[in-house]
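The values are calculated or read from the model by the stated rules, or taken from the named source; none is laboratory data. Bear in mind that the values here come from a model prediction, so they are computed numbers and not experimental data. Virtual Cβ from ideal backbone geometry, glycine too; neighbours counted across all protein chains shown.
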Amino acid sequence: MRATFLFLTLCTSVLLSAQSPQAFQYQAIARDGAGEVLASQSLSVELTVHAGSAQGPVVYQETHVIVTNSLGLFTLAVGQGTVQAGEFQTVQWGASAHFLQVAIDLGGGLLDMGTTQLLSVPYALHAGGTDCATVSLLGDTLKQANGCFVIIPGVSAANGGCLDADLDGFYHIAGCGPVDCDDTDPQVNPGSTELCGNGLDDDCDGGTDDLSDVQFFISWHP
């Protein structure tokens, strides 16, 4: 009997470890050609991740052998199956769009069930990578607990080249607000107070040890 699979839900929850994301969840309900659920049915699932497009190069592939429940439902942890190609930890989720191809086997060979673009999952996975860049503390950028950030395409300040290396809230180029004249020192920025005697332009006004900031106190002792 030819089986038809109706893939209802692609969960975007990421399974995290202390170091980096290890998997994301995929749920589906299996039905036969008559629309009846395949309850308590053993089957094999092959998952293939393509980069760039649905027909793009294969960057990761794995298989799972599962048994559906009484409702025909099954859940997979993508990234924790039997690896057929590539390494899940090395997939560059933030570099391009990625697509998930699903095929199933009830014992008569694999049936291609189609390919779907992954949307929010790659951003969550990319956020947990150790190579993510620190770019902004603004509300348009998602800050991660491990100190990394996720840039929201088309929204975050970093998309316009606005980078904040020292995380003081000021950027290193014009057009992003008051310019941070030293983006390596969080104590030096347009919001700081000029300190006399240190030879630095603390407030980024173009001068050091401003005379306007100097206060003279004269004490007279007869």
Inset, instruction - Check whether at least one residue in segment 30-53 is modelled with pLDDT under 80, in contact with a strand residue (DSSP E or B) (Cβ under 9 Å, 6 or more places away or on another chain) and in a strand (DSSP E or B), and report yes or no. - result: yes
Inset, instruction - Restricting attention to segment 66-100, report how many residues are β-branched (Val, Ile, Thr), under 19 Å from Asp112 (Cα atoms) and not in a strand (DSSP E or B). - result: 1
Inset, instruction - Search segment 39-53 for residues that are farther than 18 Å from Gly72 by Cα and pair each with any residue that is among the small types (Gly, Ala, Ser) when their beta-carbon atoms are under 6 Å apart and the residues are at least 6 apart or on different chains. - result: His50/Gly56; Ala51/Ser96; Gly52/Ser96
